[in-house]
Amino acid sequence: MNECISIKQDYIMILHNPLTDEYSNLIYHVIDISNLNGKKTVNIQQKLDDGTIKRITIPHSRFLYLIQMKFITKLK
């Protein structure tokens, strides 16, 4: 069964460079979670510095791992 659940939520990833002690962040917009032919995927988009939009599709299990390990956090 194919289905799609709309999420439309922003997540943030904060990166730390220990050499320079500088922080940077990346904002990801989670569009939806799709279940196609028994495989769950998460569709994400990121707006790059030059204004273009990059689309990424990752397995649902990797998305959950990133949240559980606090690599990404829901942006409020």
Which of [x] 32, 26, 19; [y] 42, 22, 16; [z] 49, 29, 21 gives Cα extents along the principal axes in Å as computed here? It is [z]
Counting sequence-distant residues (5 or more places) and residues on other chains, those with an amide H built under 5 Å from that of Ile7 are Asp32, Ile33
Among chymotrypsin sites (Phe, Trp or Tyr not before Pro) in the chain, those in a DSSP loop whose Cβ has at most 16 other Cβ atoms within 10 Å are Phe71
Scoring the chain by relative contact order with C-alpha pairs under 8 Å, at least six apart, yields a percentage of 30 percent
Rounded to the nearest 500, the 222 nm mean residue ellipticity computed for the chain from DSSP H runs (n ≥ 4, each -39500 (n - 2.57)) alone is -3500 deg cm²/dmol
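Each value in this text was obtained by applying a stated rule to the coordinates, not by laboratory testing. As the structure is a prediction and not an experimental result, all values here were calculated from the model. Cβ sites come from the backbone with ideal geometry, for glycine too, and all protein chains shown count toward neighbours.
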